[in-house]
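All remarks here apply to the structure that follows.
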Amino acid sequence: MYVQDLVDFVRENLLDDTVEPYLWSDDTLALLAKEAERQACIRADLLINSTDYSFDTVKGQAEYQMSNDIIRPMKLTYSTGGINVEVFKYNLGKGIALSDVEGLPYQYEFVDNNTIRIHPTPDGIYHIKVIASIYPPNTSPAEFDIPAQYHLDLRYYVAGQALLTQDIDAQDTGKAQLLLNKFDEAFGLPKDYKSLQRERLGANMDTPNSYAKRFGFE
């Protein structure tokens, strides 16, 4: 489905806005459609990329920049000595002891939105494979990036947000909320900046040190 196809569907079936001059322009509804796609990716991890965000560590360098395209890293791994190793996300607030010791990486934590710090500091070059949930790349304003089976459910967000418009007679907050609830049912609850930060900064393993002991770390 193209973006315009969704706009036409929403206009005819949910907004009853088929007579020109339209209450909502095609451009407005198209922008809402692309924002609906972005929201769906934030909530439901619809776009997973395992090829474009990998990086090589540098001996003695602990901090690395992640791409702004990433909503959240889902898994970091590398291979050494024929063994696949996962680098677990951890939270300094839970007690990682910082040091200048170099070794095999086994933990990371976010320093800020886009910078991660790896522990221990890498003692060599390791190719870190990053599997990440990403924002839609917006390769074309006329097309969606998410799989086709999710396109039609974007209609709920487009129509719901359109009906919340303050300066038109067609504003209908009751219907809008019902439609936005359907979008929540399809893709999950909204995530504000604070909840996204919690996902980034929080740990994904309660006891990573037990894993680290496999490699001789204490």
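The values are calculated or read from the model by the stated rules, or taken from the named source; none is laboratory data. Predicted model, so just to flag it, every value in this text is computed and none were measured. Here the Cβ positions follow ideal geometry from the backbone for every residue, glycine too, while neighbour counts run over all protein chains shown.
Things worth noting here:
- For region 18-37, the tally of residues that are out of contact with any Phe, Trp or Tyr (no Cβ under 6 Å at 6 or more places or on another chain) and touching a residue at least 60 places away in the same chain (Cβ under 8 Å) stands at 9.
- Residue under evaluation Ala159, criteria (1) assigned by TED's automatic domain parsing to the domain that holds Trp24; (2) under 20 Å from the mean Cα position of the chain (by Cα); (3) in contact (Cβ under 8 Å) with a residue 24 or more places away in the chain, criterion not met: (2)
- For region 119-161, filtering for residues that are in contact with a Ser or Thr (Cβ under 7 Å, 6 or more places away or on another chain) and either closer than 18 Å to Asp8 by Cα or of a type in the set (A, V, I, L, M, F, W, C) (or both) leaves 4.
- Residue check for Tyr78: over 30 Å from Tyr156 (Cα atoms), in contact with a helix residue (DSSP H, G or I) (Cβ under 7 Å, 6 or more places away or on another chain), buried (at least 19 other Cβ atoms within 10 Å of the Cβ) and aromatic (Phe, Trp, Tyr): no
- Test: residue in region 155-167 that is assigned to a loop (DSSP other than H, G, I, E, B), crowded, with 17+ Cβ neighbours inside 10 Å and either modelled with pLDDT of 85 or more or β-branched (Val, Ile, Thr) (or both): yes
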